[in-house]
Amino acid sequence: MRKKIVAGNWKMNMTPSQAVALCETLKPAVANSDAEVVFCVPAIDIVPVVKACEGTEIKVGAENLYFEDKGAFTGEISADMILDAGATYVIIGHSERRGYFGETDADVNKKAKKALEKGLNPIICCGESLEQREQGITFDWIRMQVKLMFEGFAAEDVAKCVVAYEPIWAIGTGKTATTEQAEEVCKAIRDCIREVYGNDTAEKVRIQYGGSVNAANAAELFSQPDIDGGLVGGASLKPDFGVITHA
Ligand code: PGA
């Protein structure tokens, strides 16, 4: 049985003091969830959020990392920094990173490898654009992204990853994928992993849906056989996130 994982992606929101205040609001709301609950927060918020969540089951994650260990990479943060700050998860390859900051599939692969090497749990994102969906190439595109994110990985490393399926057209738009659309792509991701890495790995890897998840649609989405929770943007900054973690 896979444990569900509901992760908030705070994006570029919350100053350190606002972050602490949000934790105080969310802590009681997310308590006693059967799912693993993760707050993925801006790098500068990791230390105060870890402190604010001490004594709870909440895990903390970063929203990005760089694949080098250290050195002259101004503005980047390393896996060791994230771990030492007390976080255990990291989002990799979010469509906003790919779209606005030019991250390639090769970058995503290197970042995921570095995260695993250091003992951080990666949440690796994939998803098609509206144009790709309309062209009917969603499944081919997602299969390609999944194969490239895991290129050179051993099966046991794939099993440690979380894959987030986030159709780009559903992110921050209020247009959630239908339950059927979300499930069929999450199933296709699992089938692709099964083909390459075998059944055991496919059954272990957790696959989230993301894109306008809210308190009203989470329960139905998360009840699907291949959807093991969600990656939640906008609604992760509101008390609604508590409802989502109990969906
Ligand atoms: P959203 O964002 O829930 O605001 O659509 C999801 C995400 O980008 O991870």
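Using the Cβ atoms and a cut-off under 14 Å, what net charge is assigned to the surroundings of Ala29, where Lys and Arg are +1 and Asp and Glu are -1?
-1
In the structure displayed, which of Lys11/Lys111; Lys113/Lys204; Lys4/Lys59; Lys147/Lys187; Lys4/Lys187; Lys4/Lys70 lie more than 22 Å apart, Cα to Cα?
Checking Cα-Cα distances, Lys4/Lys70 exceed 22 Å.
Express the relative contact order of the stretch 5-245 as a whole percentage, based on alpha carbon pairs under 8 Å and six or more residues apart in sequence.
21
How much accessible surface area, in Å² rounded to 10, belongs to the heavy atoms of Trp141 with a 1.4 Å probe?
Its accessible surface works out to 70 Å², give or take rounding.
In square nanometres, what is one fourth of the surface area of the convex hull spanned by the alpha carbons of the stretch 5-245?
12.1
Leaving out ligands, DNA and RNA but keeping every protein chain, what accessible area does Met81 have, in Å² rounded to the nearest 10, with a 1.4 Å probe?
110
Sorting Met12, Met149, Met1 by accessible area (1.4 Å probe), largest first, what list results?
Met1, Met12, Met149
How large, in Å, is the stretch 40-87 by the Kirkwood hydrodynamic radius built from its alpha-carbon pairs?
Every distinct Cα pair counted, the radius reaches 11.2 Å.
Using the 2.2 N^0.38 Å rule of thumb for compact globular proteins, work out how the stretch 73-165 stacks up: its C-alpha Rg over that value, please.
1.13
Could you please put Asp84, Asp228 in sequence from largest to smallest accessible area, using a 1.4 Å probe?
Result, largest first: Asp84, Asp228.
Would you list, by chain and number, the aspartates and glutamates whose Cα falls below 12 Å from the Cα of Lys238, excluding same-chain residues fewer than 8 positions away?
In chain and number order, the partners are Glu24.
Considering only protein heavy atoms, with the full assembly of protein chains and a 1.4 angstrom probe, order Leu221, Leu116 by accessible area, largest first.
My answer, sorted largest first, is Leu116, Leu221.
Report in % the part of the accessible area of the stretch 5-245 that belongs to carbon and sulfur, leaving out ligands and nucleic acids; probe 1.4 Å.
53
Rounded to the nearest 500 deg cm²/dmol, what is the calculated helix-only ellipticity per residue at 222 nm for the chain, with -39500 (n - 2.57) per DSSP H run of length n ≥ 4?
Theoretical 222 nm ellipticity from helices: -12500 deg cm²/dmol.
The values are calculated or read from the model by the stated rules, or taken from the named source; none is laboratory data. Given the structure is predicted, the values throughout are model-derived calculations rather than measurements. As a convention, Cβ positions derive from the backbone with ideal geometry for all residues, glycine included, and neighbour counts pool all protein chains shown. Surface areas here come from the heavy atoms of the whole protein model, side chains and all, with no ligands, DNA or RNA. Shrake-Rupley method; radii C 1.70, N 1.55, O 1.52, S 1.80 Å.
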